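Here's the structure, in structure tokens; my notes come after.
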Amino acid sequence: MLRFLLNRVLQGAVLILIVSMIGFFVINLAPGGPLSQYAMTPGMSQADLDRIAAQMGLDRPLPVQYLDWLGNMLIGDWGNSYRDQSPVLDVVWRHMWATLLLMGTSTVISVALGTLVGVLGALKRYSIFDYMATVGAMIALSIPTFWFGLVAIFIFALELGWLPAGSMYTVGDQSLGDYLIHLIMPSIVLALVNVAIWSRYMRAATLDVIDQDYVRTAKAKGLPHLRVVSAHIVRNALIPMITLAGLQLPTIIGGALVTETVFTWPGLGRLFIDSLGYNDYPVIMGLLMFSAILTVIGNFLADVGVALADPRIRLG
Amino acid sequence: MTTPSSSTTDPVLSVRDLTIRFKARGRETPVVHGIDFDIHGGETLALVGESGSGKSVTSFALMRLLPDARHCTIEGQVNIGGVNLLELTERKMTSVRGPKIAMIFQEPLTSLNPVHRVGDQIAEAIRYHRKMTRAQIRDRVLELLTLVGIPDPERRMSAYPGAMSGGMRQRVVIAMALALEPDLLIADEPTTALDVTVQAQILELLRDIQNRTGMAMLFITHDFGVVAEIADRVMVMYSGRIVEEGRLEDVLTQPRMPYTQGLLSSVPRLEDAGLRTGALGTIEGFVPTAGNLPDGCSFHPRCPHARPGVCDTAMPALEPHGRPDHPVRCLRIEDIAASDMEDLSV
């Protein structure tokens, strides 16, 4: 067990290091460069720009800049945002709560609904419900999220006026009810695709289990239908879903990107888009590292989770 | 040894005109054609036949474990305790499985759920049928594991199936089936997947438990060696019909149906070992697939005694032909008995 942990920590560290290297150099290869924002300021001369570059250490060779950045990152200094000079970790942290709230709500909806639809579809395979669920999932997966979001805003915010069109709270209100009302539309729009994905996987996993001999044994010993389904079908079908959930963890950053933009939700996805627009390299690098770390953690949690749920699997 | 019970007592299981059809692409294919049989308490009836003869389908129909009505239809009667199981709702059937009929399966390696402890899998069978406390259920599980001969049951009950051998898992499956003291135990080739030594142990265990509990047993197998070990009565099945039925000694020593004779002559015999007096008996051809049965007797294309114009015209009935306790389904039974008996190696 200790060996397994050490192994995984080492592997993760190497992976993150490689990601940071590739990420750092690729971002600096992109046209524009960190100074392009300053260059747009009226009256800025080349001499001014050179001075700023020297101040920020941008005149040094890239490998030196990288090592400098890496060394600082390891001691917890992820640099400062070019936009407002606040520390990158603070910026990421501030936006993370908005994303966690949105992603958390939508994940609860999509896992619960997706599991239910998937299991029912598999139990009643080729029934009308199953066909409708299949077609519904295809439609949900085919509709671009931004289009669905805009249509939802048009109907529920503009035409009916039931729900706010965007942002996380009404300035000056910020009560729990106000947060919830703002949460409804983006979380459902975000959940739509995930329900579709989750229900398809769950249906396939359930169908894998449903014809197993042990399900027949469970019926043969006179267990009620609900018990057979819960303890012997769903229980076993959920094991591969743990891996899927682990792989979904890093999509916290990218997964809600479009939804956050459409609903002007102040989360990580929008922070990423905005940072790209501003050439805010420290924040972009910070989000990249954050995403890499989440990937490593997600995989690790999935492996541990599967081992806990399935006695046939040993960690090592 | 149990004594075959007299026909004066009511049978535990009484099957009448059981017909099973599978549906596929709008067509119905009969796989079991109106079979009848009884099993009494303490008695073991062996249902023997090749793969595809319908013996497993019959056992699943008794348990109502076949696919739902969209895929198959079951007609006739399966009577247990005066109730026709085929008329019960699925919910009522749940209370029959376990205390009335229980079943053990062919594949011990896959019959247990790999993610639950074996003790829990036995316990859940009890929990849904009996009002017992946790401690009582635990004691009962220990008792059952001991009964089926699992050493160190205290420790074994918290093991996962993956940590057990095939023989041990089959014992767990048996313990599970016995948990509610069923009136009838259906054993669908329970020893086929096991080593010969383990096979003998399992058979002895089943016989021993039957002696103690007096339950009836329907034993499904294709192996006449196993039949000789365990059965009181034998029923031979071919293409969804019973073709011969009788007491164990009668069927083994004086098989009447050419199919049964063929099956028996294909069993290697110790007396012949080393003599190399010729090849082992085989039955030419294959079991016809359901839906493609030949006209007349289903066995006639493979039968060494078949006569054109006789065997390919009408399906013979299962009739005594002079021996009421040993009926057979053959039109030429008298001729065969008269002329060919000396040729048979049995």
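The values are calculated or read from the model by the stated rules, or taken from the named source; none is laboratory data. Computed from a prediction, not measured in an experiment: that's the story for all the values here. A quick note on method: Cβ atoms are made from the backbone with ideal geometry, for glycine too, and the neighbour counts reach across all protein chains shown.
Take the range B:334-346 and flag every residue that is at pLDDT 65 or above and within 14 Å of B:Asp250 (Cβ to Cβ). Can you show your working first?
From the range B:334-346, those at pLDDT 65 or above are B:334-338; that's our starting set.
Passing the criteria: only B:Ala337.
Look at B:Glu181 and say whether it is surrounded by fewer than 17 Cβ atoms within 10 Å (Cβ to Cβ) and either among the polar types (S, T, N, Q) or within 22 Å of B:Ile101 (Cα to Cα) (or both).
Values: surrounded by fewer than 17 Cβ atoms within 10 Å (Cβ to Cβ): yes; either among the polar types (S, T, N, Q) or within 22 Å of B:Ile101 (Cα to Cα) (or both): yes.
Yes, satisfied.
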Within the range B:51-58, is even one residue in contact with a helix residue (DSSP H, G or I) (Cβ under 7 Å, 6 or more places away or on another chain), in the same structural domain as B:Asp195 (by TED's automatic domain parsing), surrounded by 17 or more Cβ atoms within 10 Å (Cβ to Cβ) and not hydroxyl-bearing (Ser, Thr, Tyr)? no
The residue that is nearest to A:Leu271 (Cα to Cα), considering only those in the range A:99-133 that are surrounded by fewer than 17 Cβ atoms within 10 Å (Cβ to Cβ) and hydroxyl-bearing (Ser, Thr, Tyr), is A:Tyr131
Taking the range B:103-114 and the residues there that are buried (at least 19 other Cβ atoms within 10 Å of the Cβ) and at the interface with chain A (Cβ under 7 Å from one of its Cβ atoms), the one that is nearest to B:Gln210 (Cα to Cα) would be B:Met103
For the range B:74-99, how many residues are surrounded by 16 or more Cβ atoms within 10 Å (Cβ to Cβ), within 9 Å of chain A (Cβ to nearest Cβ) and of a type outside the set (A, V, I, L, M, F, W, C)? 4
Given the conditions (1) part of a helix (DSSP H, G or I); (2) out of contact with any Gly (no Cβ under 8 Å at 6 or more places or on another chain); (3) aliphatic (A, V, I, L, M), and given that B:Met103 satisfies all but one, which numbered condition is not satisfied? (1)
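One line per residue, one yes/no per condition, for (1) surrounded by fewer than 19 Cβ atoms within 10 Å (Cβ to Cβ); (2) over 16 Å from the mean Cα position of the chain (by Cα):
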{"residue": "A:Leu190", "(1), (2)": "no, no"}
{"residue": "A:Val193", "(1), (2)": "no, no"}
{"residue": "A:Tyr201", "(1), (2)": "yes, yes"}
{"residue": "A:Leu207", "(1), (2)": "yes, yes"}
{"residue": "A:Asp211", "(1), (2)": "yes, yes"}
{"residue": "A:Lys221", "(1), (2)": "no, yes"}
{"residue": "A:Ile233", "(1), (2)": "no, yes"}
{"residue": "A:Thr243", "(1), (2)": "yes, no"}
{"residue": "A:Leu249", "(1), (2)": "no, no"}
Filtered residues of the range B:39-71 (kept if over 25 Å from B:Pro255 (Cβ atoms) and at pLDDT below 90): B:Leu66, B:Pro67, B:Asp68, B:Ala69, B:Arg70, B:His71
Odd one out for B:Leu185 among (1) within 17 Å of B:Thr221 (Cβ to Cβ); (2) over 19 Å from the mean Cα position of the chain (by Cα): (2)
Tell me which of these A:Trp162 doesn't satisfy, since it passes every other one: (1) surrounded by 15 or more Cβ atoms within 10 Å (Cβ to Cβ); (2) touching a Phe, Trp or Tyr at 6+ places or on another chain (Cβ under 6 Å). (1)
Taking only the range A:6-64 into account, find how many residues are farther than 15 Å from A:Met285 by Cα and assigned to a loop (DSSP other than H, G, I, E, B). 14
How about the range A:223-252: which of its residues are at the interface with chain B (Cβ under 9 Å from one of its Cβ atoms) and outside any loop (DSSP other than H, G, I, E, B)? A:His225, A:Arg227, A:Ala231, A:His232, A:Arg235, A:Asn236, A:Ile239
Scan the range B:116-131 and tell me whether some residue there is surrounded by fewer than 23 Cβ atoms within 10 Å (Cβ to Cβ), more than 14 Å from chain A (Cβ to nearest Cβ) and within 26 Å of B:Val226 (Cβ to Cβ). no
Residues of the range B:59-73 satisfying the condition of being more than 14 Å from chain A (Cβ to nearest Cβ) and either surrounded by 17 or more Cβ atoms within 10 Å (Cβ to Cβ) or in contact with a helix residue (DSSP H, G or I) (Cβ under 9 Å, 6 or more places away or on another chain) (or both): B:Cys72
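Can you name every residue in the range B:172-197 that is more than 14 Å from chain A (Cβ to nearest Cβ) and either in a loop (DSSP other than H, G, I, E, B) or over 22 Å from B:Ser51 (Cβ atoms) (or both)? Walk me through how you get there before you give the answer.
Within the range B:172-197, the first condition is being more than 14 Å from chain A (Cβ to nearest Cβ), and the residues that meet it are B:191, B:194-197.
Across the range B:172-197, the qualifying residues are B:Thr191, B:Leu194, B:Asp195, B:Thr197.
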Could you check the range A:16-61 and list, in sequence order, the residues that are touching a residue at least 12 places away in the same chain (Cβ under 8 Å) and of a type in the set (Val, Ile, Thr)? A:Ile16, A:Val19, A:Ile27, A:Ile52
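Restricting attention to the range B:137-163, which residues are in a loop (DSSP other than H, G, I, E, B) and either away from every other protein chain (no Cβ under 12 Å) or under 23 Å from B:Val57 (Cα atoms) (or both)? Give the steps one after another, and end with the answer.
If we filter the range B:137-163 for residues that are in a loop (DSSP other than H, G, I, E, B), which is where we start, we get B:148-152, B:157-160.
Within the range B:137-163, B:Val148, B:Gly149, B:Ile150, B:Pro151, B:Asp152, B:Met157 qualify.
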